[in-house]
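The values are calculated or read from the model by the stated rules, or taken from the named source; none is laboratory data. For clarity, every value in this text was computed on a predicted model and none was experimentally measured. So basically every Cβ, Gly included, is an ideal-geometry build from the backbone, and we count neighbours across all protein chains shown. When the accessible area is computed, the model is the full protein with side chains, heavy atoms only, and any ligands, DNA or RNA have been set aside. Shrake-Rupley method; radii C 1.70, N 1.55, O 1.52, S 1.80 Å.
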Protein chains: 2
Amino acid sequence: MAFTLLNQDSESRARAGLFQTDHGKIETPIFMPVGTIANVKGVHQRELKEEINPDIILGNTYHLYLRPQLDVLKAAGGLHKFMNWDRNILTDSGGYQVYSLSGRRKIKEEGVNFKSHIDGSSHFFSPESVMEIQRVIGSDIMMAFDECIPYPCDYSYAKKSTERTHRWLDRCIAHLDKTPLEYGHSQRLFPIVQGGTYKDLRQFSAEYIASKDTEGYAIGGVSVGEPTDLIYEITETVTSILPKEKPRYLMGVGTPINILENIALGVDMFDCVMPTRNGRNGMLFTAEGIINIKNKKWREDFSAIDAMGITWVDTEYSKAYLRHLFTVKEMLGRQIATIHNLGFYLWLVREARKHIIAGDFTAWKTKMVQKLGRKL
Amino acid sequence: MAFTLLNQDSESRARAGLFQTDHGKIETPIFMPVGTIANVKGVHQRELKEEINPDIILGNTYHLYLRPQLDVLKAAGGLHKFMNWDRNILTDSGGYQVYSLSGRRKIKEEGVNFKSHIDGSSHFFSPESVMEIQRVIGSDIMMAFDECIPYPCDYSYAKKSTERTHRWLDRCIAHLDKTPLEYGHSQRLFPIVQGGTYKDLRQFSAEYIASKDTEGYAIGGVSVGEPTDLIYEITETVTSILPKEKPRYLMGVGTPINILENIALGVDMFDCVMPTRNGRNGMLFTAEGIINIKNKKWREDFSAIDAMGITWVDTEYSKAYLRHLFTVKEMLGRQIATIHNLGFYLWLVREARKHIIAGDFTAWKTKMVQKLGRKL
């Protein structure tokens, strides 16, 4: 077993765990910085490793397939070597991107025909091809090919789609068994629970997915526009069913508060573009609340960006200086905000883990949630 | 005297020197990275200091005056503190930027009326105001207010303008004497030789400027579209006249070859946007020649960006990876290319200095010039 459960909170479902792969440990709960096209935007790999220090990052199958393309990744010896990242990588299956290509894709039982967002060229993803692509990428954790249902979605389509996602999962598993490793290190497949916002479909899907003896499970089809409370309901429903001894990954969530609440509901792994994308727009997440650094109130505030000093940028630069960089639209501003936010997100999940192990997670979480959403 | 001449090449006018200020040493020949609006685009101050390691960087008076504005700089305690850079800073006088605002500025004896490129608001720069602005910025080396003549320019205008630049210099010096230091550390004024491409005007201007007992001199009005050979002629004319015991700064020049040739003609200090701007467009300067990293030939070249490894990015990333980042337009690509190019420019001037001190500069320069312009 790759995953070891170290402690479970007594007042919530929060868990601390350890996942071991050929690229090292993943201490859970974990936040995975999004490295869409073989890089985390604005962050050198060295900074990512030494300052932000995640055990795992995320890559996007759809984007990597289009660029740099598979022949380049294969010639490089896989994504780890191509981008010079020797820790863990998880890749999504392309399902979410295909869902985003609304109007440029056609879903059939066999798979999905879609047109590239870059040049309009036609491509086809199937459960089988997506397994082969992720073999070439060489990610440590591969996601099964699924359909991400929009919100809102009528019941009959949600049911039909969820059943198809299950059939696709069986095809993924069957094909993966026949597809050899490309680079020697092991790869693990995580299937994805779908079912939209319908509790019975989520239960149905969680039970089906749990019946597969994989080394971890994902909850997909959230963060697509539904109210936050529905995400919590879905998580609660699904984590009641998924086996406790395997890690659970909630895809695409969310704010610092969302992350703590979902940890409390039994989630172990997270990814989200929020710290990077919102950072590039001047929004900083801190333990005391949210800073809009473009605001004029910071014009002559020469205090450190974040006195906590989680990463070196926090005390190296002042709020007034960072505001100036955003005012003049210098890319250094986007770089600084990205490093700060990722540093904070990783601090947050590491702290959560410490408190789960120490046994006071719920009290700590309650206190943090009161501060994290404040506007500073 | 701030400047000490350590060695003079026997076969050229190349010199190795040492300039001492309150913010430390400046070993010459030096290349000054351009930090226009209080940052070198895409480069953290820590990387600039530790990896690229220049003794001095450049800021732009015109840009800093408009943003973050003088009240912010003053409240911060000057530009050094505002941007967290504790080594030397040289600021230009705004003369070049005003020249670039063609159609949005009016030059009179008193000074220059101009409209901001940001919001069209009206402003006025005079020799006196520019001294006061640079006091607030707190740069270690301040430039006198001058007019940068376009190329081509008729003789009568060039003469009239050069004479006015000289009168402006006298006003700068007179006003500076009456304007106290803002932050305690000393500031030095460098006057600027103008005269366009007319040898007699350059001689006239160099003699006038040399008659002022300042601690360094600049050659301006070059790199405005004239052929490279004319730059060399101007440099040769001017360095024949300027006192040997003071540093000479050639403004806005140039390619690696231009820099070596002008070092051979007696120039000590350089600045240019080329390593940063061209880097952001995918052009890499190396000791073996020039790389256009966007070229398809690098698609599967997994060798280091530059095996010399001057900065850590050179061996951290491969050519294929950097090409990919440019193909997908990720800012990390621009960051890497900028660090590489600045690292190379600083390496080049440090090597030049070593060879001047060792006594074999001319032989080394001849060999380097044959390689530096090659397309790889």
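Listed by position, the helices (runs of 4 or more DSSP H) inside region B:73-175 whose residues that are more than 14 Å from chain A (Cβ to nearest Cβ) number at least 2 are B:95-100, B:127-137. For region B:294-306, the condition holds for no residue, the condition being that it is in contact with a strand residue (DSSP E or B) (Cβ under 9 Å, 6 or more places away or on another chain), more than 14 Å from every other protein chain (Cβ to nearest Cβ), of a type in the set (S, T, N, Q) and part of a loop (DSSP other than H, G, I, E, B). Going through region B:185-196 one residue at a time, which ones are among the small types (G, A, S) and either free of Cβ contacts under 8 Å to residues at least 60 places away in the same chain or under 21 Å from B:S211 (Cβ atoms) (or both)? Result: B:G195, B:G196.
Filter region B:63-76 for residues that are touching a residue at least 24 places away in the same chain (Cβ under 8 Å) and open to solvent by less than 20 Å² (accessible area, probe 1.4 Å); which is nearest to B:H117 (Cα to Cα)? Among those that are touching a residue at least 24 places away in the same chain (Cβ under 8 Å) and open to solvent by less than 20 Å² (accessible area, probe 1.4 Å), it is B:L66. For first residues located in region A:287-306 and open to solvent by 80 Å² or more (accessible area, probe 1.4 Å), partners that are among the acidic types (D, E) and lie 6+ apart or on another chain with Cβ distances below 9 Å form the pairs A:E288/A:D306; A:E300/B:D71. Of everything in region B:41-62 that is at the interface with chain A (Cβ under 8 Å from one of its Cβ atoms) and assigned to a loop (DSSP other than H, G, I, E, B), the residue that is most open to solvent (accessible area, probe 1.4 Å) is B:K41. Of the residues making up region B:176-213, those that are surrounded by 17 or more Cβ atoms within 10 Å (Cβ to Cβ), of a type outside the set (A, V, I, L, M) and part of a helix (DSSP H, G or I) are B:R202, B:F204, B:S205, B:Y208. For the structure I just gave you, tell me whether B:V273 is β-branched (V, I, T) and open to solvent by 50 Å² or more (accessible area, probe 1.4 Å). So B:V273 passes the test. Can you say whether A:I259 is among the β-branched types (V, I, T), open to solvent by less than 20 Å² (accessible area, probe 1.4 Å) and touching a residue at least 60 places away in the same chain (Cβ under 8 Å), as far as the supplied structure shows? Taking the combined requirement at face value, the residue satisfies it. Of the residues making up region B:54-86, those that are over 25 Å from A:W312 (Cα atoms), under 21 Å from the mean Cα position of the chain (by Cα) and of a type in the set (A, V, I, L, M) are B:L64, B:L66. Once region A:149-175 is narrowed to residues that are hydroxyl-bearing (S, T, Y) and surrounded by 14 or more Cβ atoms within 10 Å (Cβ to Cβ), the residue that is farthest from A:G138 (Cα to Cα) is A:Y151. The set of residues in region B:323-339 that are in contact (Cβ under 8 Å) with a residue 24 or more places away in the chain, in contact with a helix residue (DSSP H, G or I) (Cβ under 6 Å, 6 or more places away or on another chain) and either within 12 Å of another protein chain (Cβ to nearest Cβ) or not in a helix (DSSP H, G or I) (or both) comprises B:R323, B:F326, B:M331, B:G333, B:R334, B:I336, B:T338, B:I339. I need the full set of residues from region A:128-148 which are touching a His at 6+ places or on another chain (Cβ under 7 Å) and surrounded by fewer than 24 Cβ atoms within 10 Å (Cβ to Cβ), in order please. A:E128, A:D140, listed by residue number. Candidates are the residues of region B:366-376 that are of a type in the set (K, R) and outside any helix (DSSP H, G or I); the one that is farthest from B:N292 (Cα to Cα) is B:R374.
Applying the criterion of being open to solvent by less than 10 Å² (accessible area, probe 1.4 Å) and modelled with pLDDT of 90 or more to the residues of region A:95-118, the residue that is nearest to B:W312 (Cα to Cα) is A:S116.
Considering only residues that are part of a loop (DSSP other than H, G, I, E, B) and open to solvent by 10 Å² or more (accessible area, probe 1.4 Å), which ones fall in region A:12-39? Across region A:12-39, the qualifying residues are A:S12, A:R13, A:D22, A:H23, A:T36, A:I37.
Okay, residues lined up against (1) more than 17 Å from B:V43 (Cα to Cα); (2) within 12 Å of another protein chain (Cβ to nearest Cβ); (3) not in a loop (DSSP other than H, G, I, E, B):
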{"residue": "A:G279", "(1), (2), (3)": "yes, no, yes"}
{"residue": "A:F285", "(1), (2), (3)": "yes, no, yes"}
{"residue": "A:I310", "(1), (2), (3)": "yes, no, no"}
{"residue": "A:Y321", "(1), (2), (3)": "no, yes, yes"}
{"residue": "A:R353", "(1), (2), (3)": "yes, no, yes"}
{"residue": "A:I357", "(1), (2), (3)": "yes, no, yes"}
{"residue": "A:W364", "(1), (2), (3)": "yes, no, yes"}
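Listed by first and then second residue, the pairs with beta-carbon distance under 9 Å, at least 6 apart or on different chains, first residue in region A:88-104 and in contact (Cβ under 8 Å) with a residue 60 or more places away in the chain and within 25 Å of A:G216 (Cα to Cα), second open to solvent by 30 Å² or more (accessible area, probe 1.4 Å) and among the hydroxyl-bearing types (S, T, Y), form an empty list. A count restricted to region B:235-249 and to residues that are in a helix (DSSP H, G or I) and open to solvent by less than 10 Å² (accessible area, probe 1.4 Å) stands at 3.
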